[in-house]
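Chemist: Below: one structure in structure tokens.
Rule-based calculations on the coordinates, nothing more; no lab input. What you see is a predicted model; the values in this text were computed from it and never measured. Here the Cβ positions follow ideal geometry from the backbone for every residue, glycine too, while neighbour counts run over all protein chains shown.
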Amino acid sequence: MNAVGLGNLNFRALDFEGGVGGASLDFTGDWKQDAQITIQVGVGGVNLRVPRELGVKVDAEKHFLSGLHLERFVKRDSQYYSENYDNAKFRVSIRVTTGIGGFKISWV
């Protein structure tokens, strides 16, 4: 699955459930508010493309069957925060649950 421009949806909450296979979710667009995203994947990887100006907080459990790839994030307690989180105009909280596969955020 490939979704582009999800930031234009002006959502407060978005739930994504993937059974088997990979997904690419592009959150570029005209952000107008903070949002919460929940991602659940059984088998497969999920790649997120996120605008650099968004502050992002990720709550994800890392285990040996799934990979977590977060560049420019800092771990505070059990969550990961983008370097710009505290100063960002809009913030996104992401809760990730993966079975077998990986989760990656790329900045655009």
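Chemist: In Å³ and rounded to a whole number, note down the convex hull volume per residue for the Cα atoms of the stretch 12-65.
Modeler: On the way: hull volume 4.9 nm³, N = 54.
So the per-residue hull volume is 90 Å³.
Chemist: Could you size up the charge dipole of the stretch 1-96 around its Cα centre, putting +1 on the beta carbon of Lys and Arg and -1 on that of Asp and Glu, and report it in debye to the nearest 20?
Modeler: On the way: 12 positive and 12 negative charges, 30 e Å.
With Lys and Arg at +1 and Asp and Glu at -1, about 140 debye.
Chemist: Describe numerically, in nm with one decimal, the distance between label points set 7 Å from Cα along Cα→Cβ at PHE90 and at LEU14.
Modeler: Result for the modelled spin labels: 1.0 nm.
Chemist: Which value results for Rg/Rh of the stretch 45-108 when Rg is the Cα radius of gyration and Rh the Kirkwood radius based on the inverse mean 1/r?
Modeler: Working: Rg = 11.4 Å, Rh = 12.0 Å.
On the Cα set of the stretch 45-108, Rg over Rh gives 0.95.
Chemist: Further, regarding this structure: Given a cut-off of under 8 Å on Cα pairs at least six residues apart, what relative contact order in percent is computed for the chain?
Modeler: Numbers: 269 pairs, mean separation 33.9, N = 108.
Result for the chain is 31 percent.
Chemist: Hey, another quick one. As a footprinting exposure proxy, order VAL92, VAL56, VAL20 by other Cβ within 10 Å, with the fewest listed first.
Modeler: Numbers: VAL92 23, VAL56 27, VAL20 11.
The fewest-first ordering by Cβ neighbours comes to VAL20, VAL92, VAL56.
Chemist: Starting from the stretch 13-64, pick out the GluC sites (Glu not before Pro) whose DSSP state is loop and whose Cβ has at most 16 other Cβ atoms within 10 Å. Provide the component values of the computation, followed by the final result.
Modeler: Details: sites: GLU17, GLU53, GLU61; in loops: GLU53, GLU61.
Loop-located and lightly packed - GLU53, GLU61.
Chemist: Using the beta-carbon distance between ARG72 and ASN47 and R0 = 22 Å, what value does 1/(1 + (r/R0)^6) give for FRET efficiency, to the nearest 0.05? Let's see the in-between values first.
Modeler: Values: r = 16 Å, r/R0 = 0.71.
Step by step, r from the Cβ atoms, then E = 0.90.
Chemist: Quick query: amide H of ILE37 versus all other amide H atoms, modeled in the peptide plane; which residues come in under 5 Å with a sequence gap of 5 or more or a different chain?
Modeler: It is LEU14, SER93, ILE94, ARG95, by chain and number.
Chemist: Roughly what would the spin-label model give for GLN79 and GLN33, points 7 Å off Cα along C-beta, in nm?
Modeler: 1.9
Chemist: While we're looking at this one, here's another question. Compactness ratio of the chain: Cα Rg over 2.2 N^0.38 Å, N = residue count? Each step should come with its number before you reach the end.
Modeler: Numbers: Rg = 12.9 Å, N = 108, 2.2 N^0.38 = 13.0 Å.
Normalised Rg, Cα atoms only: 0.99.
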